[in-house]
Each structure stands twice: as structure tokens, then as C-alpha cells.
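The values are calculated or read from the model by the stated rules, or taken from the named source; none is laboratory data. Worth saying up front: this structure is predicted, and the values here are computed from it rather than measured. Here the Cβ positions follow ideal geometry from the backbone for every residue, glycine too, while neighbour counts run over all protein chains shown.
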Amino acid sequence: MTLELSNSTESPKLAVIVPVYKVEKYLPKCLDSIINQTYKNLQIICVDDGSPDKCGDILEEYSKKDSRIIVIHKENGGLSSARNAALDLLNQQWASDRGNCPEFVTFVDSDDYIDLVAYEKCLKQITNDIDVLGFGSELVSNDENPISTNRAEESNKLDLSGKQALTDEVIAATSMSVCNKIIRTQIIFDNNIRFPVGLSFEDAYFKTVYLCHCKTILFDSNLYYKYLISRADSITGSMYSKNSTLSIESIEIVKLVLYYLKNKNLFNKKQEVFWLFFYHMIIKVALNIKLSKDDEKTIYSEAARIIKEEKHCPQNLLQKRYDELILDCDIQDSDNYSKYRLFRKKHRLDYDKYYILGIPVAKLQYSVNSKILDLIHSQIKCHVA
């Protein structure tokens, strides 16, 4: 794919997509942080996803004050549906008036906000060979006090800083969120990339398939994006709830990524990306969600089926220090760790008899904090046999 690069000396236009649902208390702060950006060449697409509160009215009021704001009202369909509605609007612009269509796209969730200099600082760094820019984020409370941070170059302990070639490992290590990234419109539409409707982990899907079409990423460590986590029903606050539905959706997302890569004839080239993504999703579920026996059976049976059907996982894949590539989260949760210890004691695993994709478990080197992988692999292996 050859990117169509703008010859204009003007600053490139950035589309900011804001899905909106039941956030009337937080929406003004979010919108203010966007319209008051020091970077002015913005197209702000706000999607009222059938919000039952006053969000629709607030959006209309803001659009009257700022001509850069476009408001879409639609029936409730969820986060992915709202984002896709905005992307579909951009796609129409791309097809009919490409010269005026935004060259770049970013996303902001409507209960979050962003530093006022973020887009100016980021877009100044993007050259023609940069396909995506990732910047830092932090979790904040209502009083704006930071709770935790995620600097782009600290992701999964790889040395991710500055300009990087998008190797398979870098793709896997890049954070899942789409809100802390600026991406190219052309790559989205040339490859028909959209968010999966009706499923969680939509960012994980979008980020993975998008980056598979890219060559270069630029990391900016500044903490520009602010995730508000005080809302009980916020996306960030509820993602890792003990909701067994998420366990089923995680494997569905894995299957969608696999289908996409095969449909685009990318699987042979990007199979290591897929397997890293595969284990990332399985591990996230195991660490963060309390599974029922039925859900556990479904998850590991489906995981085993994928492993059996896709036999050609690279031999060295599991020897690439998953604790650094994937396990960037705390597993000292007492329930999970106790479960692991009991499983080991009950089954008295003979590692010489257990293989993960053809590699003896005994040969895999894990840090203390990643031994939960033994449990996960062993459960999958039980279904592979």
C-alpha cells in the first residue's frame, strides 16, 4: 500500500471521534479539553449513542458554538457501533472529497479528557514515514489526582521509545487502547478496519489489525490522555470486573483477529503477532475474571481447537519471555495464585509429559510472577489431547 501524502504546507487535519452515552456530568470537561486544544485544525465527530440523559442537548449546544463539531444521533448500539458510525462518516468524506478529509484519526471516550497541548505536540512529530503515534496516559480520579501511569515506552518492559519499526514483538507490546494513539485515515479505509460490534475488547481487536498494516510507530512518553476511573460504569473501571461474559467475548475477539488476518492473507506473515495476541487475551481472562466451570471449559476448549487447527506456531515463540511481553499486570491476586498452587499440588504435573505447541513445558523459562502461565497452558493442554 502506498500512502497518499499531503502536499499542503498547512497543518494536517485530525479527526477526533467521541462516542457519547450517559455521561452528562463529565461530557463538558471532555469537550472543553478537545475544543481548547492549541492545535486547531480538528474535525470533532461526536456520536450520541442513544443516550437517555441530556448528552444529546449538550452536544447540540457545543456544535452551535464551534463549527468543527459534527453531531451524529443514533439508536444505542454500544461503543463499537458509535465509533463505527463516525468512521463511516469519515469514509464518505474520504470517497467524495479526499482532499478535505482528515489525514489522521484519534479517539476520546466521553468521560475522559486530554491535555490541551497533546495534539499539537504529537502532530509536530509525525513525518511521512510514521503510521501511528502512541502517547502516554494516566488514570485519574475526579479531583484530577493521578492514580497510575502508562508511559508509552514502558509498555511490557520493552525499550519502546522514539521511532520504532513495527516488528511482531513491538506490535504485541504496544498498549491495546486506541485513545492514546493518532493513526492514519488511509490505512483504516484501505483495509476496511472497523470495531467489532457487540463485544468487549474492541480496542484490542482494532489496534492489532491496524498495526499489522503498519511499518513504523513513534512513541511519546508524555502523559497526555487522562482516563477517569471514578465512574462505576465507566469503560475503564468495569473492564476487568468479575464478569464471566467477558471470558467468552475474549475468545471471540481472538477468533475475529484470526479471521481478519486470514481474510487479508496476512496470517502467514503475522502469525507470531496472532499467537502473542492469543496468549495475551487468554492470560488477561485468567488473571482478571472468575470463571465458572462451564465458561472455563468453553474458553480452553476453543483455545485448544485454535491451537490444533493452526499447527504451525513458531518453535521459539514461547521462549520469548512472556513475563516481559505479556504479563504486564500483577498476578498476586490471592484467588488466582491460590488456584494455581492448588492445581499444581492436585495434579503433580510431570513437566516432561506436557507440551505447549510442541515445546516441553520444562524448557520454558518463567519468572516467579509468571508461573500462572503453567496453569493456563496445562488447562489448554488437557483439551488438546
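Could you please give the count of residues in the range 166-181 that are β-branched (Val, Ile, Thr), part of a loop (DSSP other than H, G, I, E, B) and surrounded by 19 or more Cβ atoms within 10 Å (Cβ to Cβ)?
2
Condition check: polar (S, T, N, Q), surrounded by fewer than 20 Cβ atoms within 10 Å (Cβ to Cβ), touching a residue at least 60 places away in the same chain (Cβ under 8 Å) and closer than 29 Å to Thr127 by Cβ. Does Asn41 satisfy that?
no
Of all residues in the range 163-198, which are without any contact (Cβ under 8 Å) to a residue 60 or more places away in the chain and within 11 Å of the chain's Cα centre (by Cα)?
Of everything in the range 163-198, those that are without any contact (Cβ under 8 Å) to a residue 60 or more places away in the chain and within 11 Å of the chain's Cα centre (by Cα) turn out to be Thr174, Ser175, Met176, Ser177, Asn180.
Is it fair to say Tyr26 is farther than 24 Å from Ile188 by Cα and not aliphatic (A, V, I, L, M)?
yes
Just name the residue that is farthest from Gly99 (Cα to Cα) out of those in the range 36-66 that are under 25 Å from the mean Cα position of the chain (by Cα) and aliphatic (A, V, I, L, M).
Looking at residues that are under 25 Å from the mean Cα position of the chain (by Cα) and aliphatic (A, V, I, L, M), I get Val47.
Can you run down the residue pairs with Cβ atoms below 9 Å, 6 or more apart or on separate chains, where the first is in the range 304-315 and within 13 Å of Gln271 (Cα to Cα) and modelled with pLDDT under 75 and the partner is in a helix (DSSP H, G or I) and among the polar types (S, T, N, Q)?
From the range 304-315, the pairs are His312/Asn268; His312/Gln271; Cys313/Gln271; Pro314/Gln271.
For the range 67-76, state whether one or more residues are in contact (Cβ under 8 Å) with a residue 40 or more places away in the chain and not β-branched (Val, Ile, Thr).
Looking for residues that are in contact (Cβ under 8 Å) with a residue 40 or more places away in the chain and not β-branched (Val, Ile, Thr), one finds at least one in the range 67-76, hence yes.
So that you can scan it fast, the table gives a plain yes or no per residue for (1) modelled with pLDDT under 95; (2) of a type in the set (D, E, K, R); (3) assigned to a loop (DSSP other than H, G, I, E, B):
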site	(1), (2), (3)
Met1	yes, no, yes
Ser6	yes, no, yes
Glu10	yes, yes, yes
Ile17	no, no, no
Lys25	yes, yes, yes
Pro28	no, no, no
Ile34	no, no, no
Gln37	no, no, yes
Lys40	no, yes, yes
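Can you tell me which residue within the range 277-303, out of those that are under 24 Å from Cys214 (Cβ atoms) and in contact with a Ser or Thr (Cβ under 9 Å, 6 or more places away or on another chain), is modelled with the lowest pLDDT?
Per the stated criteria, the residue is Lys284.
Condition check ((1) outside any helix (DSSP H, G or I); (2) free of Cβ contacts under 8 Å to residues at least 40 places away in the same chain) across all residues:
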{"site": "Arg83", "(1), (2)": "no, no"}
{"site": "Asp88", "(1), (2)": "no, yes"}
{"site": "Pro102", "(1), (2)": "yes, no"}
{"site": "Ser110", "(1), (2)": "yes, no"}
{"site": "Glu120", "(1), (2)": "no, no"}
{"site": "Gln125", "(1), (2)": "yes, no"}
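Residue by residue, here is whether (1) surrounded by fewer than 20 Cβ atoms within 10 Å (Cβ to Cβ); (2) touching a residue at least 60 places away in the same chain (Cβ under 8 Å); (3) not hydroxyl-bearing (Ser, Thr, Tyr) holds:
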| site | (1), (2), (3) |
| --- | --- |
| Glu24 | yes, no, yes |
| Asn36 | yes, yes, yes |
| Ile45 | no, no, yes |
| Cys55 | no, no, yes |
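Do we have Asn91 as of a type outside the set (Lys, Arg), over 17 Å from Ile193 (Cα atoms), surrounded by fewer than 18 Cβ atoms within 10 Å (Cβ to Cβ) and assigned by TED's automatic domain parsing to the domain that holds Val20 here?
Against the criterion (of a type outside the set (Lys, Arg), over 17 Å from Ile193 (Cα atoms), surrounded by fewer than 18 Cβ atoms within 10 Å (Cβ to Cβ) and assigned by TED's automatic domain parsing to the domain that holds Val20), Asn91 does not qualify.
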